[in-house]
Amino acid sequence: MRSIEQVRLDNGLRVVVSEDDTAAAVAVNVWYGVGSRHERAERTGLAHLFEHLMFQGSANVKAGEHFDRLQAVGATLNGTTSFDRTNYYETVPRGAFELALWLEADRMGGLLEALTQENMDNQRDVVKNERRQRYENQPYGTVHERLFALAFPESHQYHHLPIGSMADLDAASLDDAAGFFRTHYAPRNAVVAIVGDVSTDEATAAAKRYFGGIPAGPAAPEPPDGTVGPLPDQVRQDVTEPVPAEAVYSMWRLPVDGSRGADASELALQVLAGGSSSRLAERLERREQLARGVGAGLSRLVGGTSTGVLAVTLRLGADLETTEAVIDEELERLASEGPDDDELERARALVEHDWLDETSDYAGWANALAHFGCLFGDATLASGVVDRLHAVSGAEVRQAAELLRAERCARVVYHVAEGAVA
């Protein structure tokens, strides 16, 4: 079992260290407990905007220098924003891990010294371009935006995606951005995970040296309780766009991350559409030749609910009504019968394989430790993922499948626009 040591600094920063001398490298992953669900109305998109602004300079680092310094020593690095958190990560050679910590600490403690109207305006434009490239100009690119808007009421924190509203971003002032940073980018709202060829004592001492002098900051306000049950009725949206083929996307509100219900839901989705032996792959792709692709997955969220998505892309010429009928029939059958033993073991094997693959390197393991440390307050929970998966029974999977009925989903159906090229 991999070693995991946790230390909380006087300013509230949680430091997690996992020693591993397999390679002469170290991964650093900093998670902040702020995502799009922490944004206030009419100021959506700030969490994602800060993912960009954090690379635009800080007290002792010029704009772009964070990337330049780390790439100069052979590092890989980036940042991501989700509904529940934002993170920044780098994997560096053993000798450069203190450089990584210093750079992370400089922007945690000194970003506002470099935040200007110019770089804020510049990064707003970058985000708008990102939206055009990733959402508006991609086939099916708007599907998640549509699904979340259908599945959650406008007042719910998961109604909008982390990319946010472009109108809200345009309306955000420099003071709005500075206030957001002061509220959420503080040591007491962060976890630093350090994994690799460094001792616990050395890593902890370095973390104290670079981060220990940063003021704790205010306690971030808790977002509204987002607990909601399943949708009472199916909600549907039909979209005609220049997509290559018709497609059916379904989303459900499922148990919150960290619960046995979430684990059972993930297994149920795998039985339905995980891998070539899943029920829908077998029936839609091979037996009835209606689909050219099926897939499903669970988005584990902590704001009162998780979400599950099932995606089916039709073959050219396949009948949409027949395809939807088959999907709904298989949803009903799983809810009524549950999985058989072989299906349950295959589903477990798929999820376990994905988890082990995801955490096989330093970067993936650091991300997992920061995930559990930030969202659940205990990084050691990462060690029990596989055991918790195998503890889920077939009866629990059948119970989870009750939530996956057709009448409880938000559904977006894409139709091919006339003249579109397949």
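All of the numbers you see were taken from the coordinates with simple rules; none came from a lab. Remember, predicted model here, so these are calculated numbers, not experimental data. All Cβ positions, glycine included, derive from the backbone under ideal geometry; neighbour counts span all protein chains shown.
Quick notes on this one:
- Pairwise label distance in nanometres, SER199 with THR227, each label 7 Å out on the Cα-Cβ vector: 4.7 nm
- Computed label-point distance, nm, for sites GLU42 and ASP387 using a 7 Å Cα→Cβ extension: 5.0 nm
- Charge dipole of the range 355-422 (Cα centre as origin; +1 on each Lys and Arg Cβ, -1 on each Asp and Glu Cβ, all else neutral): 280 debye, rounded to the nearest 20.
- Residue-by-residue Karplus 3J(HN,Hα) for the range 242-254, coefficients 6.51, -1.76, 1.60, Hz, glycine and proline x: x, 8, x, 7, 5, 8, 10, 10, 10, 10, 10, 8, 10
- For the range 235-416, the relative contact order is 38 percent, taking Cα pairs closer than 8 Å that sit 6 or more residues apart in sequence and dividing their mean separation by the residue count.
- Convex hull volume of the range 292-422 per residue (C-alpha atoms, cubic angstrom): 164 Å³
- With 0.36 nm allotted per residue and the present C-alpha distance subtracted, the ALA325-VAL126 stretch has 67.4 nm of extension available.
- When you filter the trypsin sites (Lys or Arg not before Pro) in the range 1-95 for DSSP loop state and at most 15 other Cβ atoms inside 10 Å of their Cβ, you are left with ARG2, ARG40, LYS62.
- Computed from the C-beta positions of ALA167 and GLU352, the FRET efficiency with R₀ = 41 Å rounds to 0.40.
- For the chain, the 222 nm mean residue ellipticity estimated from helices alone, with every DSSP H stretch of n ≥ 4 adding -39500 (n - 2.57) and the total spread over all residues, rounds to -12000 deg cm²/dmol.
- Computed from the Cα positions only, the extents of the range 5-211 along the three principal axes stand at 48, 34, 33 Å, in decreasing order.
- Cβ charges +1 (Lys, Arg) and -1 (Asp, Glu), total dipole of the chain, debye: 580 debye
- Counted over the range 235-416, the DSSP beta bridges are approximately 75% antiparallel.
- Rounded to 5, percent antiparallel among DSSP beta bridges of the chain: 80 percent
- Contour minus Cα-Cα distance for GLN133 and GLN289 (0.36 nm per residue): 52.9 nm
- As a calculated quantity, the FRET efficiency between ASP68 and SER336 at R0 = 60 Å, using C-beta atoms, amounts to about 0.55.
- Rg over Rh, two decimals, the range 134-238 (C-alpha only, Kirkwood Rh): 1.11
- Gain in span if fully extended, GLU418 to ARG209, counting 0.36 nm per residue against the direct Cα distance: 69.0 nm
- On the basis of the beta-carbon distance and an R0 of 25 Å, ASN119 and GLU145 show a calculated FRET efficiency of 0.40.
- Ranking of VAL195, VAL243 by count of other Cβ atoms within 10 Å, fewest first: VAL243, VAL195
- Considering only GLY303, SER265, VAL397, and ranking their Cα positions along the charge dipole of the range 235-416 that arises from unit charges at the beta-carbon of Lys, Arg, Asp and Glu, the one farthest toward the positive end is GLY303.
- Distance distribution P(r), the chain, all Cα-Cα pairs, bin width 20 angstrom from 0: 25, 54, 21, 0 percent.
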